[in-house]
1. Which of the aspartates and glutamates could a cross-linker bridge to LYS128, judged by Cα under 16 Å and excluding same-chain residues fewer than eight apart?
2. Return P(r) of segment 3-300 (all Cα-Cα pairs; 5 Å bins starting at 0; whole %; ordered from short to long distances).
3. Would you mind computing the Rg to Rh ratio of segment 134-280 from its alpha-carbon coordinates, Kirkwood style for Rh?
4. Mind listing which chymotrypsin sites (Phe, Trp or Tyr not before Pro) in segment 49-80 are in a DSSP loop and have 16 or fewer other Cβ atoms within 10 Å?
5. Quote the convex hull volume per residue of segment 1-64, based on C-alpha atoms, as a whole number of Å³.
6. Could you run the Karplus curve 6.51 cos²θ - 1.76 cosθ + 1.60 with θ = phi - 60° over segment 169-176 and give me ³J(HN,Hα) per residue in whole Hz, x for Gly and Pro?
7. I'd like the Karplus ³J(HN,Hα) series for segment 184-200: coefficients 6.51, -1.76, 1.60, θ = phi - 60°, whole numbers in Hz, and an x wherever there's a Gly or Pro.
8. Taking H placed 1.01 Å from N in the peptide plane, check which residues at least 5 places from PHE59 or on another chain put their amide H under 5 Å from its amide H.
Amino acid sequence: MNYQAILEEIEKEIQALFSEGKVADYIPALAKVDPNQFIMSVRLFDGTSFGVGDVNSKFSIQSISKVFTFTLALHQYGRDLYQRVGHEPSGDPFNSLVQLEYENGIPRNPFINAGAIVTTDTLVSIHKKYTFKFILDFIKKVANDDTITYDKDIYKSELENGFKNFALINMIKSYNNIHNKIDTVINTYFKQCSIMMSTSQLAQSMQYIANHGVNPLTNERLISISKAKRTSSLMLTCGHYDASGDFAYKVGLPGKSGVGGGIVAIVPQKMSICVYSPKLNAQGNSLIGTKALELFTSKTGLSIF
Ligand SMILES: NC(=O)CC[C@H](N)C(=O)O
C-alpha cells in the first residue's frame with residue numbers, strides 16, 4: 001500500500017476543516033500555538049516511516065503521557081492497580097469530578113485526569129522524587145531519543161491554572177486514594193503532561209504497544225503480551241474520554257488523545273500512527289486529528305474490525 005500517497009490525500013481533504021474547533025486555552029501556554037497545523041506520521045515495525053507536515057516539530061503531549069504512566073504502573077503493580085483505579089469508560093469529560101464522590105475516590109480509568117493522577121501517585125510511592133525522571137527515561141527509551149524533555153512554561157502554566165486538577169487530587173486524597181504529598185504528585189503529573197514530542201517520536205514510542213509489548217527497534221520487551229493487550233483495550237474504550245465511543249465508531253483503532261492536539265493510534269501487529277492538529281472538538285480531542293484517522297482507516301481498510 002502506498003501510505004505516503006494516502007497521507008498526502010488526507011492532508012488535502014482535511015484542509016476544509018481548519019475553520020472548525022478551538023485550541024485549548026484553559027492552560028494559557030497551550031493557546032500560543034499556530035492553530036492551523038496538520039502533521040501526521042505512520043511508522044511500520046521495520047522502521048519505515050511516512051509523513052506529511054513537519055514530523056519533527058514538537059508539541060505538548062498532554063494526556064498521551066497517560067499511556068506511558070499506565071504501562072509503568074501496570075508493569076509494577078499488575079492487577080492490584082485496579083484497586084486504586086478502574087478500567088471502565090467514564091462517559092464524562094476528562095477533568096470531571098462528579099463520579100469520584102459517589103465512587104469513593106476510585107477513578108473510573110487511568111486515562112481521565114483523576115485516574116492518571118492516581119496512576120502517577122502509585123509511581124511516586126516507588127520512585128519518590130525521581131518519579132518524573134523515571135517516566136521521562138521510559139519515554140526516551142520507547143521513543144529511542146535521549147533529547148526529549150518537558151516545556152517549563154507549559155508546566156508553570158498548568159501549575160498556575162490547573163484548578164480542576166487540584167480539586168480532583170484533593171477530593172481523591174480525602175478518600176485516601178492518594179498516598180503521597182499532593183504537591184509531589186501534582187508536580188509530577190503536570191510535568192509529564194508538559195513533555196514535548198513530535199509526531200515522528202510519538203509514532204515510534206507507540207510501537208511497543210502495537211507490537212505485543214516489544215519495541216521492534218531494539219527487540220526489548222517492555223511489558224507482557226497480556227499487559228500490552230490491556231493497554232490497547234483501554235485506549236480503545238477510554239482513550240478519548242466521553243468521545244471514546246465516537247472515536248471507536250469512526251476510526252476503529254485503539255488511540256489516545258491529548259489537549260495539546262496530538263492523537264496516537266495503533267494498528268495491532270502492523271504500525272503506529274501519530275497525528276497533530278491543535279484545534280479541539282467539544283470533548284477536548286483534536287478535531288482534524290480524529291477526522292484524519294477516520295480517513296486513514298477508511299482508505300486503507302486497516303481498522304481492528
Ligand atoms: N486531556 C488532556 O490532555 C488533559 C491534560 C491536562 N494536563 C490537564 O490535566 O488538564
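Each value in this text was obtained by applying a stated rule to the coordinates, not by laboratory testing. Because the structure is a prediction, the values reported are computed rather than measured. For neighbour counting, all protein chains shown are included, and Cβ atoms are generated from backbone atoms with ideal geometry for every residue, glycine included.
1. ASP137, ASP183
2. Percent of Cα pairs in each bin: 1, 6, 13, 18, 21, 18, 13, 7, 3, 1, 0.
3. The Rg/Rh ratio comes out at 0.98.
4. none
5. Dividing the Cα hull volume of segment 1-64 by its residues yields 109 Å³.
6. Whole-Hz 3J(HN,Hα) from phi for segment 169-176: 5, 5, 4, 5, 4, 5, 9, 6.
7. Going residue by residue, I get 4, 5, 5, 4, 5, 4, 5, 5, 4, 5, 8, 5, 9, 9, 9, 5, 5 Hz, with x marking Gly and Pro.
8. Amide H neighbours of PHE59, under 5 Å, 5+ apart: MET197, SER198.
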